[in-house]
Amino acid sequence: MKDGPEALMVGLRQSIELCENGGVYIQADSAVDFVRRDVDNRDRPIPIVNDQKSEIAGVRVADLRQPIRRDKQDAIKEALEAMTFHVKYEMESTPEFVAKQREKGRSQEQIDRMRTVVRKNKSLRNDSKQNVSIIWRADDPDMYKFDLNERLRRRREANEDTAEDPPKPEWHTVATYFREKKGINLRYPHLPIVFIGNREWFPVEFLTQALHKAKGANSPQHVNDVLAYYDENSGRDGVENIKRLLMKCASLEKHGLHFDHILQQFGITRENRPLEVTARVLPEPVLKFKNSAAAIRNGSWDLRDKEFSSPSELLSFAVVSFAGSSPMPFLDTFFRVARRHRIVLPQNVDCVDAAKRIMVSGRAQTPNEIRDKMGEAITRAKEFFLFDKDHFFQDRHVFFKSRASNPTGGLSDCLVIPPPPHVHGEVALILPRDEVFETHTIVNRSNDLSADARMMAVFKELGTQHPVDPFNYFFDANAMDQQHKVRQNAGSRWQAASFVKFVYLLKDGTIVEESEIRDEPEPAIIVPEKQVDSPLVFVHLEDDSKMPYAVAKMAAHFIFGVQSQCVVRQKFARQRGNKAEQYCSNVCLKVNTKLADKVNQGRAWDTHFRRTPSQPLTSHIPWVHEVPTLVIGLGCSKGIGQDSVTVIGASAALDTNCMIMAQDMKFWQSKASKSGKSRSLISSSVLIHIIKSLFVQFYLFRDEWPKRILYYREGLSEGFSTEAINHEMRCIRKGCQEVLSSRPEFGCPNEEKCSGRGCIFCTPLITFVVCHTNTPIKIVPREESDGNRGNVWSGTCVDKTIVRSKESFSIPSDFAPSKKVALFSGINDSGRDFVLIAQGGMKGTSKPVKFSVFPNENLCYRNSDGTTPLTKELLEDVTYQTSFQYGTATKAVRLVPVLYYSKRLAELGIGYINYLRHGENNLVSVPANAEDGDEEELMFIRKEVRCRLQPCHSQKKETWALFVVAEELMHSLPRHFCSLRVSRSQRRRPLCCHILVPSRMEGGVHLFLQTCLLEINCPALKRKEISPWPWLCPHLMKPG
């Protein structure tokens, strides 16, 4: 490493593992960190203010007794932002303070402890009131002062029953507050104060450096040094390096004891040679595209000349550029590559020309600028596609093709007609003829009779007597001649034709000319603009800076409710030749995955499996396809410090290929327990809500309830697993039971013992898999020829010797088989742990993932015919096969995709949580603290989405229709599906329906409100009486 204030420090990390057959193994691995060159003793606190060198956070200043000059402020702020620090100070023990504490019954020892105030693992936060994180003088009232009695005065003013007068303002600077209230005279009152959250400002002289940096604060030089170390010590070289470290550390003592001496007290002798084990290489799946199969090489393949198996539809898009240059080179290449992969692009338009018309450019300096420009881009896209402000579609006698919900409650293609002049914020739609015939209401000029009719187009080559349905022609804007293409029906071939005029077709087959119609025909179906599919937003960024990316994703998720695809200009500019198309192919893969929904079932490839080459191929993932199986992954991301918010990301695979995902995300904050430690268990209410949301989404996508659950959990330490598993198993059961119990046919044969908590008889069988991603185990090939580039092959699995001893899942002695649940016969229980390397390593040493399986109810019980027990060998195959289903990469990933997506979602939440909590100028505002309870769930909306059921007339009988307040839906973040309440007023009066719907989830299928009506326990409402008119918001059924 180059000379600098920090040096690379290499150490040894060791742990002991008790494995099968009584084996005891020491897991040893090298560890890398950075140490300050100028600090000899790491046990002593490292003050942020260095008196001897006249430095603040390593930045040299002229005089600590003088205010900081402006030319030093940016460097100091940057250094503090990269640090995690502790706050510590000791108050003066005044007689008044001691007397007050004595009155509360505290001992002298407790009083002495209270004099020392400590805040550990803190980092700079942005004060939403001051809109800064640092104020550069502690004693300047013009920079910062506060009223000490402000909160007390507000409480008394709000309490009308009290007779006491509100206290008068008592103004202080931070320097005067500590001098007068704490008895502390600041040594450097002219130095800065920093904000750490919870309305707390502290002088910089109270800060000491923690032993680690703030999250994401590693410099590029640090990252390169660490990567270079691991590249140099990879494969077998890494094993030799660990052996050298073991020899060097053998002589180290602590309290007069060697590590070997401690082992000898337990009768253990350590060997310094690595353990040799026999591993298996699991069979790879067969990935089939539409035109060919993928050639998999060590877990990787490519998209060259591949047509996606089930392409998605990019029906409309918006473009916003923050790069300072045009995104057209990228978009031109992207649209060309997308056609090659068979992604369906907007019909009737030249996408490149449309992008030029709707593109918005701006700066990405502040979150508000990013939000405003994204909103402008979405508005401009809607004006072009939905409202046809430029008369682009009208001049070509075509319509914008999109998607909306249909009268049966599903999704259908639709054509958008510009609204009449007197209608604002709404559009008219044309549905396919086999779903809704009429498109307009026409009035006969001669007799004033009205009739429902369907708009048709007449083409010169076909004649007036053969009008063409609007869905059977389009304008080929990408062809050289740019002309219309028509077909007689869905099965016939497209042919060039010349447009003549529009006519209207009655249900009896009569063709009505426009000259026979009085006035302008009224569209039959008019809906709010937000009921139609929203555009995908291309966000063009200059580089991979975190702030613009995080804010763009946050705005897409929580403000506009749309899908987004970020593109980095610098990365695309570095591509040369065919690599530019390869870059765009990867973007196409991401876009295809994000636009997947229940209708298009979008996925790039189909998965097939066979255990041996002689066996026939079977489609889908093994075991998962047998019966409806819900595969869930749950991961967390947490900031540094006890008061940091935890972001929980959860994903569920909806299809049998485990590629289409539903997701949910929760923000919550656990307060410290009485022992002072932060509680690690996820709140029961939070986890139950997540399970219910994913459970319902699975049903909405598959039209069937899951029979089994395969639950992957990441983020649990091995010592904490048992408590967490029992807690989360109860929450999974409870969540499933609450959803299923609303069904009329629900019943539990074990009701006495179940007691409404859920059991194996009334809820799906659960297999709980804990994924240890930070295991110290390293697996390398014994010989170079046994692996690839010093790494083992993709699919290498070790399930013997170094795993824990077999711990069979015990069956209760009083278990009695029933019609719903029975036992498998001849169960082969071969243990519950295995270590898997799914990825194909290119550089360094491939890091394995250790999977611990307990409990595994699907090994012992069966609740459906045609199922097989989930043995450890079968679970290994399932886990490895799903590693190839990560829909945004052409390689097997280290984690199963349901966990990978969950971790990415949680990391996204961590990236923009500060903007959600504080925000610049209240970009988004959410509560940050709770007044009661041990845990706090940060909800983004605490109101119910209000819907109204009103009578309407259809087919000469009264039915009930669902009207959605679209404005309220789109401008708020709905809560997860929880419950539904219906109150019926007097006869012939509207019903008022309160529905809690799920939060928006990237890559997920949302709760369809119409389905909720089936859960209404009201005799006056039956399914046959409900008409889903007008239509519901499509974003509730589609990602974004």
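The values are calculated or read from the model by the stated rules, or taken from the named source; none is laboratory data. Predicted model only: the values in this text are computed from it and were never measured. Positions of Cβ are generated from backbone atoms using ideal geometry, with glycine treated the same way; all protein chains shown enter the neighbour counts.
Overview of results
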| read-out | value |
| --- | --- |
| Within the stretch 545-560, considering residues that are crowded, with 20+ Cβ neighbours inside 10 Å and within 18 Å of Phe317 (Cβ to Cβ), the one modelled with the lowest pLDDT | His557 |
| Long-range neighbours under 6 Å by Cβ, at least six apart or interchain, first residue farther than 21 Å from Arg179 by Cα within the stretch 138-159, second β-branched (Val, Ile, Thr) | Arg156/Thr162 |
| Number of the exception - Glu271 against (1) touching a His at 6+ places or on another chain (Cβ under 7 Å); (2) modelled with pLDDT under 90 | (1) |
| Residues within the stretch 115-137 that are more than 19 Å from Lys182 (Cβ to Cβ), touching a Pro at 6+ places or on another chain (Cβ under 9 Å) and not in a loop (DSSP other than H, G, I, E, B), tallied | 1 |
| Residue among His397, His466 that alone is more than 30 Å from Ser321 (Cα to Cα), of a type outside the set (A, V, I, L, M, F, W, C), outside the structural domain of Asp508 (by TED's automatic domain parsing) and not in a strand (DSSP E or B) | His397 |
| Counted residues, the stretch 356-377 - those being of a type outside the set (D, E, K, R) and either free of Cβ contacts under 8 Å to residues at least 60 places away in the same chain or surrounded by fewer than 21 Cβ atoms within 10 Å (Cβ to Cβ) (or both) | 9 |
| The lone exception for Ser412 - which of (1) at pLDDT below 90; (2) assigned to a loop (DSSP other than H, G, I, E, B) it fails | (2) |
| Residue among Gly790, Gly735, Gly795, Gly719 that alone is at pLDDT below 85 and surrounded by 16 or more Cβ atoms within 10 Å (Cβ to Cβ) | Gly790 |
| Criterion (at pLDDT 95 or above and not polar (S, T, N, Q)) met by exactly one of Leu386, Leu331 | Leu331 |
| Among (1) part of a loop (DSSP other than H, G, I, E, B); (2) touching a residue at least 40 places away in the same chain (Cβ under 8 Å); (3) among the basic types (Lys, Arg), the one test that Arg380 misses | (1) |
| Out of Glu542, Glu513, Glu520, sole residue that is surrounded by fewer than 19 Cβ atoms within 10 Å (Cβ to Cβ) and under 26 Å from Val591 (Cβ atoms) | Glu542 |
| Matching helices (runs of 4 or more DSSP H) fully within the stretch 523-626 where at least 1 residues are of a type in the set (A, V, I, L, M, F, W, C) and more than 24 Å from the chain's Cα centre (by Cα) | 569-573, 579-594 |
| Considering residues of the stretch 163-214 that are buried (at least 19 other Cβ atoms within 10 Å of the Cβ) and among the hydroxyl-bearing types (Ser, Thr, Tyr) only, the residue nearest to Pro45 (Cα to Cα) | Tyr188 |
| Sole residue being free of Cβ contacts under 8 Å to residues at least 40 places away in the same chain, more than 30 Å from the chain's Cα centre (by Cα) and over 30 Å from Asp29 (Cα atoms), chosen from Cys754, Cys759 | Cys754 |
| Pairs, first closer than 10 Å to Lys598 by Cβ in the stretch 686-703, second surrounded by fewer than 21 Cβ atoms within 10 Å (Cβ to Cβ) and β-branched (Val, Ile, Thr), C-beta under 8 Å, six or more apart | Leu700/Thr1011 |
